[in-house]
Amino acid sequence: MMLIIVKVGGSVIRKGVDNLVKEVPGLINNGHRVILIHGGGYFINELMERMGLKPKFVTSPSGVTSRYTDQETLRAYVMGMMYLNKDLVSRLQGVGVNAIGLSGVDGGLLRARRRESMVIIDERGRERVVDGGYTGKIESANKDFIMKLLNDGFTPVIAPIAMDNKTGGPLNVDGDQALEILSLFLMPKYAVILTDVDGVLINGKVINRVSAAEAQELFKNPEVRGGMKRKVYTAAQLASKGVYAIISNGVIDKPIMSAINGVGTHVIPTGNS
């Protein structure tokens, strides 16, 4: 029996989660425990455009792009993410999985500190400090709550919304960061990051196995860009703390077991060979 925590990227949701949904009942029937965390940035953008709001993005000095969340954006973010959350839960219930949809606010599952300010690179390429908006850095996970759900036979499906430590209000958090914190608190057998490509691609080829230190070098590789940069960083962090992390394709047949059986980029934890 193993615990597997899976981050389902927005790119997978956009292309279709049928293969993923079909696979989960078998894993549970074999005694495994699964926790799903989902993204869905593309859907938030569509929703905001329909509401007449313009999505804003900022780039950090290290080159990672993220959504800028003001009050209006936060509303659209919570609406959109919880719609995707319930859609995924409904599909899982439809194939007999006792899924339960949660945000990090529910049961104080993911507690975060609101970013007071952030350093961004402006359009002229200069560093500038701006108000942090409603974005958070996750500091802890409610391990007892999630274990109770797992022990009662539920499959948690978690939206990347955290609870502000000070106000209790919702904050936009990164889905990969939610995976990282939950994995460090729960120490799963595998942390699987599902995206719409076959793994980390360098010169068009998938890098299959790397150590935590090699993954940190990969993060600096100019071929690793955009959303993949964040995934490589997360996998390197997890492996350096003893969690086996895999970045793999979420739209193929049996995406979770394919990843565990060797498909994708495997970041081997320190202490394993």
Seminar exercise, completed: Residues in segment 27-86 that are of a type in the set (Phe, Trp, Tyr) and in a helix (DSSP H, G or I) total 4
Seminar exercise, completed: Among the residues of segment 210-255, the number that are closer than 18 Å to residue 4 by Cα, outside any helix (DSSP H, G or I) and of a type in the set (Lys, Arg) is 2
For this session: Can you work out which of the residues in segment 90-104 that are surrounded by fewer than 20 Cβ atoms within 10 Å (Cβ to Cβ) and of a type outside the set (Ser, Thr, Tyr) is nearest to residue 147 (Cα to Cα)?
Result: 100
For this session: From 9, 26, grab the single residue that is crowded, with 21+ Cβ neighbours inside 10 Å and either within 16 Å of the chain's Cα centre (by Cα) or closer than 13 Å to residue 256 by Cβ (or both).
Result: 9
Problem set entry | Matching entry among 186, 182, 201 (being touching a helix residue (DSSP H, G or I) at 6+ places or on another chain (Cβ under 9 Å), crowded, with 22+ Cβ neighbours inside 10 Å and not β-branched (Val, Ile, Thr)) | 182
Problem set entry | Scan of segment 135-176 for residues that are hydroxyl-bearing (Ser, Thr, Tyr) and either more than 20 Å from residue 39 (Cα to Cα) or over 18 Å from the mean Cα position of the chain (by Cα) (or both), ordered by number | 167
Exercise. In segment 134-155, which residue that is among the polar types (S, T, N, Q) and without any contact (Cβ under 8 Å) to a residue 40 or more places away in the chain is nearest to residue 90 (Cα to Cα)?
Worked result: 151
For this session: Looking only at segment 45-57, decide whether some residue is touching a residue at least 12 places away in the same chain (Cβ under 8 Å) and under 19 Å from the mean Cα position of the chain (by Cα).
Result: no
For this session: Report yes if residue 26 is out of contact with any helix residue (DSSP H, G or I) (no Cβ under 7 Å at 6 or more places or on another chain) and not charged (D, E, K, R), otherwise no.
Result: yes
Problem set entry | Residues of segment 194-204 satisfying the condition of being part of a strand (DSSP E or B) and modelled with pLDDT under 95 | 201, 202
Seminar exercise, completed: Of those in segment 204-260 that are touching a residue at least 24 places away in the same chain (Cβ under 8 Å) and on the phi > 0 side of the Ramachandran plot, the residue surrounded by the fewest Cβ atoms within 10 Å (Cβ to Cβ) is 226
Exercise. Out of segment 12-22, which residues are outside any helix (DSSP H, G or I) and under 16 Å from the mean Cα position of the chain (by Cα)?
Worked result: 17
Exercise. Is it the case that some residue within segment 116-131 is part of a helix (DSSP H, G or I) and over 21 Å from residue 45 (Cα atoms)?
Worked result: no
Seminar exercise, completed: Picking from 224, 251, the residue that is among the aliphatic types (A, V, I, L, M) and at pLDDT 95 or above would be 251
For this session: Would you be able to say whether some residue in segment 57-80 is crowded, with 16+ Cβ neighbours inside 10 Å, under 30 Å from residue 26 (Cα atoms) and touching a strand residue (DSSP E or B) at 6+ places or on another chain (Cβ under 8 Å)?
Result: no
Exercise. Does at least one position in segment 114-132 carry a residue that is in contact with a Gly (Cβ under 8 Å, 6 or more places away or on another chain) and basic (Lys, Arg)?
Worked result: yes
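The values are calculated or read from the model by the stated rules, or taken from the named source; none is laboratory data. As the structure is a computational prediction, the values presented were derived from the model and not from experiment. All Cβ positions, even for glycine, are placed from backbone atoms using ideal geometry, and neighbour counts span all protein chains on display.
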